[in-house]
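The values are calculated or read from the model by the stated rules, or taken from the named source; none is laboratory data. Nothing here was measured: the structure is a model prediction, and the numbers come from that model. All Cβ positions, even for glycine, are placed from backbone atoms using ideal geometry, and neighbour counts span all protein chains on display. SASA here: full protein model, heavy atoms, side chains in, ligands and nucleic acids out. Shrake-Rupley method; radii C 1.70, N 1.55, O 1.52, S 1.80 Å.
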Amino acid sequence: KAVVVGAGYIAVELAGIMQALGSETSLVLRKEKALRNFDEILSEALDVEMQRQGINIFRNTMGVSRITYDESNGSKKIILNNGDVIDDVDVVIMAAGRSPLVDSLGLQDVGIQQKDGGYIEVNEYSETSVDRV
């Protein structure tokens, strides 16, 4: 049993792959639907198809409150901020986009270029402005 947390294209792709591979899969969304910033027709069609494929969609959860681990059987329990609970989970995949928390890393001290918002600037090969970083 797999749980994917996120509403972007990476979360949607991972949920689809896990479901296609035979896992009972749930997708946890903070808001109403996945790909909510994409074209509405696409987002709606995707929603219908994910449900048709058997992906369980948890909507308007406001995210994950906590994850507990049962040492006796290795399963996890996902407690969502809206009070929903997903039990007996084998794997949790966090694919939620967030703002970078890089202020304390001192990136500018070693010359790593950053974009607005703290994102690390990379070239087309995902290389930073500092060799080997």
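Expressed as a whole percent, the accessible area of the chain that falls on carbon and sulfur atoms is 49 (1.4 Å probe).
For ASN56, nonlocal amide neighbours, meaning residues 5 or more places apart or on other chains whose placed amide H falls under 5 Å from its own, are THR25, SER26, LEU27. What the phi angles of the stretch 64-70 give under the Karplus curve with 6.51, -1.76 and 1.60, with θ = phi - 60°, is a coupling list of 8, 7, 6, 10, 10, 10, 9 Hz, glycine and proline written as x. What's the local net charge at THR68, with K and R +1, D and E -1, over the other residues with C-beta under 13 Å away? Here the charged neighbours net out to -1. Each Lys and Arg Cβ is given +1 and each Asp and Glu Cβ -1; about its Cα centre, the chain then shows a dipole of about 360 debye. Just so you know, the averaged projected area of the alpha carbon convex hull for the stretch 19-68 sits at 4.1 nm². Using the 1.4 Å probe convention, the accessible area of the stretch 17-133 works out to 70 Å² per residue with neighbouring protein chains retained. Considering every alpha-carbon pair of the stretch 84-133, the percent of pairs per 5 Å bin, from zero through the bin containing the longest distance, is 4, 14, 22, 16, 12, 8, 7, 8, 7, 0. For SER65, the residues 5 or more places off, or on other chains, whose built amide H falls under 5 Å of its own are ILE79, LEU80, ASN81. Can you check what the net charge comes to around SER129, using other residues whose Cβ is under 15 Å from the Cβ of SER129 (Lys, Arg +1; Asp, Glu -1)? That works out to -3.
Neighbours of ALA34 by Cβ distance under 13 Å: Lys/Arg scored +1, Asp/Glu scored -1, total -2. Among (1) 31, 20, 15; (2) 28, 17, 13; (3) 34, 25, 13, which one is semi-axes √(5λ) of the Cα gyration tensor in Å computed from these coordinates? Evaluating semi-axes √(5λ) of the Cα gyration tensor in Å on these atoms matches (1). Taking amide hydrogens as placed 1.01 Å from N in the peptide plane, the amide H of ALA7 sits under 5 Å from those of GLY97, each at least 5 positions away in sequence or on another chain. The dipole here belongs to the stretch 1-76: it is taken about the Cα centre, uses +1 on the Cβ of Lys and Arg and -1 on the Cβ of Asp and Glu, and is about 260 debye. In percent, rounded to a whole number, the relative contact order of the chain is 22, using alpha-carbon pairs under 8 Å and six or more apart.
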